[in-house]
Protein chains: 2
Amino acid sequence: MLDQRDRRIVEYLQHDADMPVTDLADLVGLSASACWRRIKSLEESGLITRRVALVDRRKANVGMTVFVAVRTSRHSIEWLESFRSAIADIPEIVEAYRLTGDMDYLLRMVVPDVEVYDAVYKQLIARLDFTDISSFIGMEELKYTTAVPMNYLI
Amino acid sequence: MLDQRDRRIVEYLQHDADMPVTDLADLVGLSASACWRRIKSLEESGLITRRVALVDRRKANVGMTVFVAVRTSRHSIEWLESFRSAIADIPEIVEAYRLTGDMDYLLRMVVPDVEVYDAVYKQLIARLDFTDISSFIGMEELKYTTAVPMNYLI
DNA sequence: GGTGAAATCGTAGTGGT
DNA sequence: ACCACTACGATTTCACC
């Protein structure tokens, strides 16, 4: 269904979303209109969800990354739902996953400094109870990309 | 230097990068040309770095997230550099951080399944030696956003 | 300094071959 | 896939505060 050209279109758009359609068409060896139709269909199919602007974290003064691993003893649906809504409400939390293993949940936060981290931490424990929280400060970001590999398409 | 309107512009663009300038101008209460100039200056200052297309991980067949915590005894610059280049080369690794604490490094990978995870794992250990590797499989993505909070701007 | 309105220009999007 | 055309939104200009 999706061929090599679709993959390449997505690969390029994952790195630069406002490349002109004509340029992209040249890169993948397609006419502009053919390329345009493919982009639209990739968007309609939902493979491409949206286009966003990325921000320099340092310049936005949230250069500090903190990972927070939390565990809970309350393994109910209700707990999960209120955890989920707490996470959604706190903009400093940019990622959150439920994990296998003994960690339960892993959060990634971006904050200006430890003081703000502490404030967010307090917000969190005010809303929910955790049996264990441990945090790891990111000293250096070695890699961060929003681009996912396109070579596993079915 | 940056006022409330600049913040709001960035907030909107972080969620939808191809909103027409006129719409954005209305939202922040500016004329289209004034809004346009601010966007350009935000891009030139480097606060807005670029615009990218986001992809549905499931539909790209990389629905599985694995966190890999690695430790090393080789704390040299050389080791770090070859680690960095290994990470850069492997597209399944989408994030990598050097941490405080006893974890040393934390990687986030996106893969189709455990088989592919294992293959990537083998690639990694073929290129570098680690004293310890532990992995955590993400069972559920509770939150993932590329948008960082704009309320800490200096 | 920054703004807003109008004029221009370029490219996305449409339709036909 | 290509071409011609249209329509809209991105830039530019300029007068203004």
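Values as computed for the structure displayed
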{"quantity": "Neighbouring partner chain Cβ atoms per residue of A:45-51, average, 10 Å criterion", "calculated": "6"}
{"quantity": "Protection-proxy order for peptides A:6-14, B:3-11, each taking the mean of Cβ atoms within 10 Å per residue, highest first", "calculated": "A:6-14, B:3-11"}
{"quantity": "Charge dipole (debye, nearest 20) of chain B; +1 at Cβ of Lys and Arg, -1 at Cβ of Asp and Glu", "calculated": "360 debye"}
{"quantity": "1.4 Å probe accessible area per residue over region A:4-45, in Å²", "calculated": "55 Å²"}
{"quantity": "Measure of compaction for chain A (Cα Rg per 2.2 N^0.38 Å)", "calculated": "1.35"}
{"quantity": "Charged-residue dipole, Cβ positions (Lys, Arg, Asp, Glu), region A:88-154 about Cα centre, Debye nearest 20", "calculated": "280 debye"}
{"quantity": "28 Å Cα-Cα reach of residue B:59 towards lysines, excluding residues that sit fewer than 8 places from it in its own chain", "calculated": "A:40, A:143, B:122, B:143"}
{"quantity": "Residue among B:55, B:116, B:66 with the largest mean-square fluctuation in a Gaussian network model of chain B, springs linking Cα atoms under 10 Å", "calculated": "B:55"}
{"quantity": "Separation of the residue B:26 and residue A:78 label points, Cα + 7 Å toward Cβ, nm", "calculated": "4.4 nm"}
{"quantity": "Positive-end extreme of charge dipole, region A:7-99 - chosen from A:24, A:52, A:75 (charges on Cβ)", "calculated": "A:75"}
{"quantity": "Inter-centroid distance (Cα atoms) of region B:31-90 relative to region A:49-89, Å", "calculated": "17 Å"}
{"quantity": "Estimated [θ] at 222 nm from DSSP helical runs (n ≥ 4, -39500 (n - 2.57)) normalised by residues in the protein assembly as shown, nearest 500", "calculated": "-12000 deg cm²/dmol"}
{"quantity": "Cβ-placed point charges (K, R +1; D, E -1), dipole of the protein assembly as shown about Cα centre in debye, nearest 20", "calculated": "480 debye"}
{"quantity": "Partner chain coverage, peptide B:87-95 - average Cβ within 10 angstrom", "calculated": "4"}
{"quantity": "With every protein chain in place, chain A: carbon and sulfur % of accessible area (1.4 Å)", "calculated": "51 percent"}
{"quantity": "Qualifying trypsin sites (Lys or Arg not before Pro) in region B:42-74, DSSP loop, other Cβ atoms within 10 Å at most 16", "calculated": "B:58, B:74"}
{"quantity": "Value of relative contact order over chain A, rounded to a whole percent, pairs C-alpha under 8 Å and six or more apart", "calculated": "28 percent"}
{"quantity": "Average beta carbon contacts from partner chains per residue of A:2-14, 10 Å cutoff", "calculated": "2"}
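The values are calculated or read from the model by the stated rules, or taken from the named source; none is laboratory data. No experiment lies behind these values; they were computed from the predicted model shown. Ideal geometry is used to build each Cβ from the backbone, glycine not excepted, and the neighbour counts take in all protein chains shown. Just so you know, the surface numbers come from the protein's heavy atoms only, side chains and all, with ligands and any DNA or RNA stripped out. Shrake-Rupley method; radii C 1.70, N 1.55, O 1.52, S 1.80 Å.
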